[in-house]
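The values are calculated or read from the model by the stated rules, or taken from the named source; none is laboratory data. Keep in mind that what you see is a predicted model, and the values were worked out from it rather than measured. A quick note on method: Cβ atoms are made from the backbone with ideal geometry, for glycine too, and the neighbour counts reach across all protein chains shown. Only protein heavy atoms, including side chains, enter the accessible area calculation; ligands, DNA and RNA are left aside. Shrake-Rupley method; radii C 1.70, N 1.55, O 1.52, S 1.80 Å.
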Amino acid sequence: MKRISLTQHLIEEQRLNNTIPAELRLLIEVVARACKTISHAVGKGALGDVLGSTQSENIQGEIQKKLDIISNEILLQANEWGGHLAAMASEEMETIHPIPNRYPKGEYMLLFDPLDGSSNIDVNVSIGTIFSVLKAPEGMGTPTEQDFLQPGRKQVAAGYAVYGPQTMLILTTGNGVKCFTLDREMGSWVMTQSDVQIPADTKEFAINASNARHWHSPVKRYIDEMLAGRDGPRSKDFNMRWIASMVADVHRILNRGGIFMYPADLREPDKGGKLRLMYEANPMAFIVEQAGGAATNGKQRILDIQPERLHQRVPVFLGSKSEVELVTSYHKE
Ligand code: P6P
């Protein structure tokens, strides 16, 4: 297969298929370049004095790792001068980040989890960056949090970078899902998959099973039936994976099928699970649907959820369509 770069792919999409406006192409190029910089920082490990935690907590009440802060700064500095954005929002920042007045403003809004999987940073397990792109509402003045609260189906692009044995960028602009592998010698993203399709069926599920006693009954039923194996109602044996980096679990599922679950649980029923809607569940749901999979909160399509708060959490069931539909049907009974 003749390999093409991310730049060539984006220019062809813009010129030939007219699917990506020039400003969106610029935005994606800038974010992709920032992910290269984050990959470089992550890769230094202990040699770069980037491991370990800071003394500060983020809006989520989580102790911030040094690399959380570094990655957030990289994305802010890479994007604020370009003139393609009106504002940004991040898991690591309580409020939205308007573009400083000294820079031109654009029609897009960028949301991101700069480094997802922080608990894995210090033990050298894959982590990643997740991003989501929305259009600024028509006639928007000074951006407010309210302008970001659009359902996930309004996203114009979404993607993630996974910093693992390979550094990869997975991208959708609404015309399927493409994968790019970082060529470290050239410093460029090279397309290595042009049309990702999630297998509809699977034998693999991903959930943090230590929370089992806190699950609602539809989740308990769904998991118990898989654990019963070939002698149970599913008539086949299943395997389990849980990397505790959503990016890594989702990437495996994109490539070999599976279902990823972070359900709400009985400890804090109104918390809505652990994952955030705007910059984790929505971008991943967009990617998974574009790859032929499904993504719900147990009751409805994640992309149809009307957000109420920037950092709100949502239960997540996503991956192989038949499995997501089955566990969602149990919630409806
Ligand atoms: P737990 C990482 O902190 C994260 O937000 C997701 O990337 C991951 O899937 C989940 O939390 C892991 O949560 O409760 O298993 O540590």
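Observations
- Residue count, segment 272-283 (criterion: away from the ligand (no atom under 11 Å from the Cβ), touching a strand residue (DSSP E or B) at 6+ places or on another chain (Cβ under 6 Å) and either over 17 Å from F317 (Cβ atoms) or not in a loop (DSSP other than H, G, I, E, B) (or both)): 3
- Residues that are over 19 Å from L111 (Cα atoms) and in a helix (DSSP H, G or I) were ranked within segment 10-32; the one that is most open to solvent (accessible area, probe 1.4 Å) is R15.
- Of the residues contained in segment 131-145, one or more are found to be among the β-branched types (V, I, T), modelled with pLDDT of 95 or more and either under 14 Å from the mean Cα position of the chain (by Cα) or assigned by TED's automatic domain parsing to the domain that holds L26 (or both).
- Yes/no for K220 being within 20 Å of P315 (Cβ to Cβ) and either in contact with a Pro (Cβ under 9 Å, 6 or more places away or on another chain) or more than 14 Å from the ligand (Cβ to nearest atom) (or both): yes
- Counted residues, segment 100-130 - those being touching a residue at least 40 places away in the same chain (Cβ under 8 Å), more than 18 Å from Q312 (Cβ to Cβ) and open to solvent by less than 50 Å² (accessible area, probe 1.4 Å): 13
- The set of residues in segment 33-52 being open to solvent by less than 20 Å² (accessible area, probe 1.4 Å) and either farther than 13 Å from K65 by Cβ or part of a helix (DSSP H, G or I) (or both) consists of A34, C35, I38, S39, A41, G45.
- Residue list for segment 192-213, filter: within 16 Å of the ligand (Cβ to nearest atom) and surrounded by 15 or more Cβ atoms within 10 Å (Cβ to Cβ): E204, F205, A206, I207, N211
- When we screen A87, A32 for residues that are farther than 18 Å from G164 by Cβ and touching a residue at least 40 places away in the same chain (Cβ under 8 Å), the only hit is A87.
- Any hit, segment 44-57, residues being under 24 Å from F286 (Cβ atoms), of a type outside the set (S, T, Y) and in contact (Cβ under 8 Å) with a residue 40 or more places away in the chain: no
- Residue within segment 141-158 that is surrounded by 19 or more Cβ atoms within 10 Å (Cβ to Cβ) and within 16 Å of the ligand (Cβ to nearest atom) present: yes
- Residue identified as polar (S, T, N, Q) and open to solvent by less than 20 Å² (accessible area, probe 1.4 Å) among T181, T172: T172
- Annotation note: of R234, R267, R252, the sole residue that is outside any helix (DSSP H, G or I), within 14 Å of the ligand (Cβ to nearest atom) and charged (D, E, K, R) is R267.
- Residue match in segment 68-77 (condition: away from the ligand (no atom under 16 Å from the Cβ), touching a residue at least 60 places away in the same chain (Cβ under 8 Å) and out of contact with any strand residue (DSSP E or B) (no Cβ under 6 Å at 6 or more places or on another chain)): no
- All positions within segment 214-249 that are open to solvent by less than 40 Å² (accessible area, probe 1.4 Å) and closer than 21 Å to T129 by Cα: S245, M246, V247, A248, D249
- Boolean, A41 is touching a residue at least 12 places away in the same chain (Cβ under 8 Å) and out of contact with any Lys or Arg (no Cβ under 9 Å at 6 or more places or on another chain): yes
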